[in-house]
DNA sequence: TAAGTAGGTAAATAATATTTACTGATTGCT
DNA sequence: AGCAATCAGTAAATATTATTTACCTACTTA
């Protein structure tokens, strides 16, 4: 379903080996991000938390941000695996979009670090757009666009709205609705949010 | 219209005097952000660009981020003044929302630094949510919610969608649609984007 | 068995942010 | 008029943090 060759290539390349030190560093970053801002973390803290020396971080990663991108990549891989499962057996573009909305909200709601990284921490650096994590994001985006186009083609979705705008509306709405979760740790009710957002985007706000 | 007492208080407090050095620092930050990322700027660069010494920056601002927040505040003040004008003489909640959508897109489209700061640079720090800039954002948000509630009350807007979600959909969609403008400097056609987004949000994507 | 390489360390260095102690000019006050 | 305060600003020291360097050990493999 989602598993275009490209995707699995990236996803397998890492899983193979990875020395313990590298994993410890990624885990340390993830742990620290639980209640701290990326900017506020120091290399020394990360090293201490991981139980390695600072130098080792530079052996495996270009810089502090590079570690962040690897954490995001791991999260995004899990996310895509889950989405792939969630989508199985679902027919119709609108039904697929509905499920994707639910799954995305569920992800942000239950994986706050993931939400914070992608909504708040990476998009402000140029390196991100060169990273493998971003390659996964683009891949996912292409799949969404395909679903939207399918919906337009078969008459489920209005044909006078460019698919890129529809995608922006879907993800913009989801992300904005989860922003307070990411920033202030407010809770999000997945089912309610998914229901309201789907209803809103499918039928509009006008009476 | 927008000019609740609170707003004007903040907006006037700054305008009064402000020593030349302080203004030069804010302008330097704005200039540098034109083609550089906030993180990549150094205090020394900012000082050189402003034509002042590094020490002076700390005389007027708590730290580097504090300068950023002041730049945003200035931009946001202008934005609110413009929105206030744009809204004059417009009746009906949907008409007002439509105009706000247009004005917001126009702002992001023609003020890329503003878009970058608010979409990419500030939301990842705790200090931001303590800043005067954020106070303006909250104020604006409250006004939007009021308009939405007005629309629900008078039957223009469906009553089964919580107003907070409607606001999130509006701003989420706008922001996502301007993200590539902010990040990659892609151009945005204000009129087209406003038309599509309004149509999409008002009537939904379903055929 | 020796050459390379992978995983790792400790300490030096470089880059940046922030603080401190200090001017000279202006302003309000009796 | 004279004189504290305060304001705008500087220069240099210091603190913090990121990054580089040189090295060590164990393990493969040819």
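Remarks
- For chain B, pairs of C-alpha atoms spaced more than 29 angstrom apart make up 30 percent of the total.
- Per residue of A:153-166, other chain Cβ atoms within 10 Å of the residue Cβ number 4 on average.
- For q = 0.14, 0.17 Å⁻¹, Debye-computed log10 I/I(0) when each Cα of the stretch B:30-106 counts as one equal scatterer: -0.61, -0.73
- Mean separation of Cα contacts under 8 Å (6+ apart) over length of the stretch B:19-76, as relative contact order %: 45 percent
- Residue by residue along A:175-188, Cβ atoms of other protein chains within 10 Å of the local Cβ number 3 on average.
- Inverting the pair-averaged 1/r between distinct Cα atoms of the stretch A:124-207 gives 14.8 Å as its Kirkwood hydrodynamic radius.
- Normalising the average separation of contacting C-alpha pairs (under 8 angstrom, six or more residues apart) by the number of residues puts the relative contact order of chain B at 22 percent.
- Computed from Cα atoms, the angle from the helix A:64-87 axis to the main principal axis of chain A rounds to 40 degrees.
- Helix axis angle, A:190-203 relative to chain A longest principal axis, alpha carbon, degrees: 40 degrees
- Three-way shape call for the protein assembly as shown based on the alpha-carbon gyration tensor, with the a/c threshold at 1.5: oblate
- For the stretch A:61-131 versus the stretch B:87-155, the gap between their alpha-carbon centres in whole angstrom: 27 Å
- The GNM of chain B, with springs linking C-alpha atoms under 10 angstrom apart, assigns the highest mean-square fluctuation among B:42, B:31, B:190 to B:42.
- Label-point distances for residue A:37 to the equivalent site in the other copies, using a point 7 angstrom along Cα→C-beta, read 1.6 nm when ranked shortest first.
- Between helix A:163-184 and chain A: long-axis angle, C-alpha atoms, 0 to 90°, nearest 10: 50 degrees
- The stretch A:105-188, relative contact order in percent, only Cα pairs under 8 angstrom and at least six apart counted: 43 percent
- With neighbours defined as other Cβ atoms within 10 Å of a residue's Cβ, the residues B:176, B:75 order from fewest to most as B:75, B:176.
Quick note: the coordinates plus some simple rules give every number you see, no bench work behind them. Bear in mind the structure is a predicted one, so any value in this text is a computation, not a measurement. Please note: Cβ atoms are built from the backbone with ideal geometry, for glycine as well, and neighbour counts cover all protein chains shown.
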